[in-house]
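The values are calculated or read from the model by the stated rules, or taken from the named source; none is laboratory data. Since the structure is predicted, the reported quantities are computational estimates derived from the model, not experimental observations. FYI the Cβ positions are ideal-geometry reconstructions off the backbone, even for glycines, and counts take in every protein chain you see.
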């Protein structure tokens, strides 16, 4: 067999070594193509409008009671703990009109904070 015939002959060894590398190359090319397509189809997000009037101020109001939680606050929907002072917890209630009220309680001292937070729903 001359050298040209050797190059053209297909042996099982030769095809075994070339096929996986072809698959790897094709797979790699497809992955790169997919990343390029995803990147080009992304849209830039619009900046948040944090100008005047965009952010509402929540106000603390005097608590109705210092030794009880008013029943009209509705059912308890959540409890949070203050990260800076773990003795203080927030009890979150939801009224029938979906308004959220937060009552702050110091569990070490056994007292309710003199102000509550009301978040209206629109």
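Listed by first and then second residue, the pairs linking a residue in region 94-122 that is touching a residue at least 60 places away in the same chain (Cβ under 8 Å) to a residue that is surrounded by 14 or more Cβ atoms within 10 Å (Cβ to Cβ), with Cβ atoms under 7 Å apart and 6 or more places separating them unless they lie on different chains, are 118/99; 118/101; 119/99; 119/100. Of all the criteria given as (1) free of Cβ contacts under 8 Å to residues at least 24 places away in the same chain; (2) over 28 Å from the mean Cα position of the chain (by Cα), the one not satisfied by residue 62 is (1).
Screening the candidates 96, 68, 63 for the property of being modelled with pLDDT under 95 and in contact with a helix residue (DSSP H, G or I) (Cβ under 9 Å, 6 or more places away or on another chain) yields one hit, 96. Scanning region 69-93 for residues that are in a loop (DSSP other than H, G, I, E, B) and without any contact (Cβ under 8 Å) to a residue 40 or more places away in the chain turns up 70, 74, 75, 82, 83, 84, 85, 86, 87. Entry remark, region 77-107: residues being out of contact with any strand residue (DSSP E or B) (no Cβ under 6 Å at 6 or more places or on another chain) and surrounded by 12 or more Cβ atoms within 10 Å (Cβ to Cβ) number 2 in total.
Which of the residues belonging to region 97-111 are under 19 Å from residue 84 (Cβ atoms) and either assigned to a strand (DSSP E or B) or outside the structural domain of residue 78 (by TED's automatic domain parsing) (or both)? Please lay out each step first, then the result.
Kept after step one, since they are under 19 Å from residue 84 (Cβ atoms), are these residues of region 97-111: 102-109, 111.
Once the filter is applied, which keeps residues that are under 19 Å from residue 84 (Cβ atoms) and either assigned to a strand (DSSP E or B) or outside the structural domain of residue 78 (by TED's automatic domain parsing) (or both), region 97-111 yields 102, 103, 104, 105, 106, 111.
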